[in-house]
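J.: Here's a structure for you.
The values are calculated or read from the model by the stated rules, or taken from the named source; none is laboratory data. Just so we're clear, the structure is a prediction, and the values are computed from it rather than from any experiment. Cβ coordinates were reconstructed from backbone atoms using ideal geometry, including for glycine residues, and neighbour counts include every protein chain displayed. Ligands, DNA and RNA are stripped out before the accessible areas are found, and what is left, the full protein with its side chains, is counted by its heavy atoms. Shrake-Rupley method; radii C 1.70, N 1.55, O 1.52, S 1.80 Å.
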Amino acid sequence: MISSFTLENAIQADATDPLAEFRERFFLPTNDTGDALLYLCGNSLGLQPRAVPDLMAEELEDWARLGVTGHFDARRPWMPYHENLTANMAEIVGAQPDEVVVMNTLTVNLHLMMVSFYRPTEKRYKLLIEKPAFPSDRYAAESQVRYHRLDPADALLEIGPRDGEHTIRDEDLLQLIEREGKSIALVMLPGVQYYSGQLFDIAAVSALARHKGCAVGWDLAHAAGNVPLNLHDADADFAVWCNYKYLNGGPGAIGGCFVHARHADDSSLPRFCGWWGHEKSSRFRMGPNFHPIPGAEGWQLSNPPILAMTSLIPSLQLFHEAGMTELRAKSLALTGFLELGIRERLGGAVESITPSQPERRGCQLSLRLDGGSGHAVFRHLEADEVVCDWREPDVIRVAPVPLYNSFVDVYRFVEKLHLAMEATA
Ligand SMILES: *Cc1c(COP(=O)(O)O)cnc(C)c1O
């Protein structure tokens with residue numbers, strides 16, 4: 001870890017960073033005169049790998065040249081196209097290849113997984129989520145509860161931070177599951193909470209929930225590609241994530257889904273079916289009876305959007321080359337440097353509500369400023385060519401991403417934040 005927040009130390013850290021070359025493999029957004037912006041927003045939309053345009057052009061060419069036979073004869077045949085993503089995706093989330101599939105989008109996958117894993121009975125009917133959850137997750141959860149003709153006021157169980165705190169205490173969460181577990185059908189939590197940046201103990205929570213007989217699923221929107229994951233070993237029933245945040249798949253990218261191997265052949269699970277989930281060898285016999293592909297692929301509905309998958313291939317390849325272990329090591333140093341800068345340069349005027357223990361967070365810090373000046377400061381940062389984001393009611397989220405951000409980026413951010421605070425004081 002870097003001992004003091006200086007430009008020299010930032011330059012030195014970049015010079016010895018084994019992942020530094022990866023920055024060159026992305027397009028950095030620029031201003032009108034072509035200078036790179038200070039981009040610290042990979043938590044919201046990841047950057048475009050430079051390999052994407054050529055790969056997209058190949059698919060467009062194959063379509064133009066081949067028409068329908070591209071399903072078999074394209075350079076990357078379209079029929080099994082999603083399989084191009086499976087191995088790298090499994091590596092990123094710590095799963096076996098047959099446990100992951102790339103399909104649909106996050107909220108759609110969340111619904112499909114709740115159809116299979118939120119199965120309320122008379123005694124065990126509650127759905128546990130965090131509070132306040134990301135709106136889409138809450139809408140999805142509440143609508144599933146209503147779909148089962150239950151009353152959300154009773155069946156939707158929400159756990160939030162204690163009064164005056166910003167993150168959920170691990171012991172509060174575990175105690176709640178311990179106490180209420182018998183009435184909970186599904187525990188559905190974020191890997192990394194979008195607002196606070198809190199990383200949950202996925203293995204411990206999954207183990208306790210399963211011990212209590214609950215199903216357990218994770219929304220990894222802010223965790224996939226941000227922190228190392230071991231979904232298989234953690235024994236979660238399912239997980240879903242989007243691929244446009246840390247995973248750089250492009251705006252609205254196709255989503256990801258994990259179903260644990262123990263469900264691979266379980267025909268007793270209810271599910272909403274579509275032809276792409278049907279056994280590959282007999283899919284085109286067009287029979288009336290659904291026989292699912294064993295594993296996560298059996299939850300696919302439609303033949304998937306090829307171009308949406310194309311734009312995800314290069315980024316997953318970069319993750320494979322860099323390695324999650326190495327990325328995490330850099331991430332800890334980078335975010336540690338950001339925290340150090342805020343403490344040394346901005347003292348008590350800026351508070352990070354993200355846990356200070358590195359094992360309880362990913363790369364993002366959520367910053368709150370004294371005296372409600374946050375939004376004015378955020379506007380000033382935007383005008384000063386910093387890209388980060390504002391989340392109501394009062395945080396600036398900053399995410400130094402280890403694949404393409406540098407220590408000098410972090411140094412410059414703290415300098416610019418300082419300037420913005422002086423200008424709006
Ligand atoms: C980004 C995000 C979403 C977005 O859902 P989409 O279905 O991809 O639009 C949902 N939930 C969480 C927690 C997120 O961070």
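J.: Condition first: farther than 19 Å from residue 366 by Cβ, without any contact (Cβ under 8 Å) to a residue 40 or more places away in the chain and either within 12 Å of the ligand (Cβ to nearest atom) or touching a Ser or Thr at 6+ places or on another chain (Cβ under 9 Å) (or both). Can you find one or more residues in the range 182-202 that meet it?
T.: no
J.: While we're on this one: Considering only residues that are surrounded by 17 or more Cβ atoms within 10 Å (Cβ to Cβ) and outside any helix (DSSP H, G or I), which ones fall in the range 94-118?
T.: 94, 95, 100, 101, 102, 103, 104, 105, 118
J.: Additional query: So residue 113 fits all but one of (1) under 26 Å from residue 302 (Cα atoms); (2) not assigned by TED's automatic domain parsing to the domain that holds residue 309; what number is the exception?
T.: (2)
J.: Just one of the numbered conditions (1) over 24 Å from residue 253 (Cβ atoms); (2) buried (at least 22 other Cβ atoms within 10 Å of the Cβ) is not true of residue 371; which one?
T.: Going through the list (1) over 24 Å from residue 253 (Cβ atoms); (2) buried (at least 22 other Cβ atoms within 10 Å of the Cβ), residue 371 breaks only (2).
J.: Also, I was wondering about something else. Could you give me the residue pairs with C-beta distances under 7 Å whose first residue belongs to the range 162-173 and is closer than 12 Å to residue 355 by Cα, whose second residue is of a type in the set (Asp, Glu) and assigned to a loop (DSSP other than H, G, I, E, B) wherever it lies, and which are 6+ apart or on separate chains?
T.: 170/201
J.: Ok, one more. Given the residues 332, 365, 318, 419, which is the only one that is closer than 26 Å to residue 9 by Cα and open to solvent by less than 50 Å² (accessible area, probe 1.4 Å)?
T.: Exactly one of 332, 365, 318, 419 is closer than 26 Å to residue 9 by Cα and open to solvent by less than 50 Å² (accessible area, probe 1.4 Å), namely 365.
J.: OK, next. Quick check: is even one residue across the range 271-280 more than 26 Å from residue 56 (Cα to Cα), touching a residue at least 40 places away in the same chain (Cβ under 8 Å) and in contact with an Asp or Glu (Cβ under 7 Å, 6 or more places away or on another chain)?
T.: Checked the range 271-280: no residue is more than 26 Å from residue 56 (Cα to Cα), touching a residue at least 40 places away in the same chain (Cβ under 8 Å) and in contact with an Asp or Glu (Cβ under 7 Å, 6 or more places away or on another chain).
J.: For the range 197-217, how many residues meet the condition of being touching a strand residue (DSSP E or B) at 6+ places or on another chain (Cβ under 8 Å) and more than 22 Å from residue 401 (Cα to Cα)?
T.: Within the range 197-217, residues that are touching a strand residue (DSSP E or B) at 6+ places or on another chain (Cβ under 8 Å) and more than 22 Å from residue 401 (Cα to Cα) number 9.
J.: Would you point out the residue of the range 288-332, among those that are outside any loop (DSSP other than H, G, I, E, B) and among the polar types (S, T, N, Q), that is farthest from residue 227 (Cα to Cα)?
T.: So, considering only residues that are outside any loop (DSSP other than H, G, I, E, B) and among the polar types (S, T, N, Q), the one farthest from residue 227 (Cα to Cα) is 310.
J.: Let me ask something else. Only residues that are more than 17 Å from residue 247 (Cα to Cα) and surrounded by fewer than 24 Cβ atoms within 10 Å (Cβ to Cβ): list them for the range 397-407, please.
T.: 397, 406 - these are the residues of the range 397-407 that are more than 17 Å from residue 247 (Cα to Cα) and surrounded by fewer than 24 Cβ atoms within 10 Å (Cβ to Cβ).
J.: List the number of the failed condition for residue 286; all other conditions in (1) open to solvent by 50 Å² or more (accessible area, probe 1.4 Å); (2) closer than 22 Å to residue 124 by Cα; (3) touching a helix residue (DSSP H, G or I) at 6+ places or on another chain (Cβ under 9 Å) hold.
T.: Among (1) open to solvent by 50 Å² or more (accessible area, probe 1.4 Å); (2) closer than 22 Å to residue 124 by Cα; (3) touching a helix residue (DSSP H, G or I) at 6+ places or on another chain (Cβ under 9 Å), the lone unmet condition for residue 286 is (2).
J.: Here are some residues: 224, 215, 140. Which one is away from the ligand (no atom under 16 Å from the Cβ) and more than 22 Å from residue 390 (Cβ to Cβ)?
T.: 215
J.: Collect the residues in the range 250-287 that are within 30 Å of residue 28 (Cα to Cα) and not in a loop (DSSP other than H, G, I, E, B), keeping them in residue-number order.
T.: Those that are within 30 Å of residue 28 (Cα to Cα) and not in a loop (DSSP other than H, G, I, E, B): 256, 257.
J.: Right, something else. When you check residue 242 against the structure, is it open to solvent by 30 Å² or more (accessible area, probe 1.4 Å) and in the same structural domain as residue 72 (by TED's automatic domain parsing), yes or no?
T.: no
J.: A follow-up question, please. Of all residues in the range 190-210 being hydrophobic (A, V, I, L, M, F, W, C) and surrounded by fewer than 24 Cβ atoms within 10 Å (Cβ to Cβ), which is farthest from residue 93 (Cα to Cα)?
T.: Looking at residues that are hydrophobic (A, V, I, L, M, F, W, C) and surrounded by fewer than 24 Cβ atoms within 10 Å (Cβ to Cβ), I get 208.
J.: Give the range 204-229 a look and list any residue that's in a loop (DSSP other than H, G, I, E, B) and within 18 Å of residue 124 (Cβ to Cβ), or say none.
T.: 212, 213, 214
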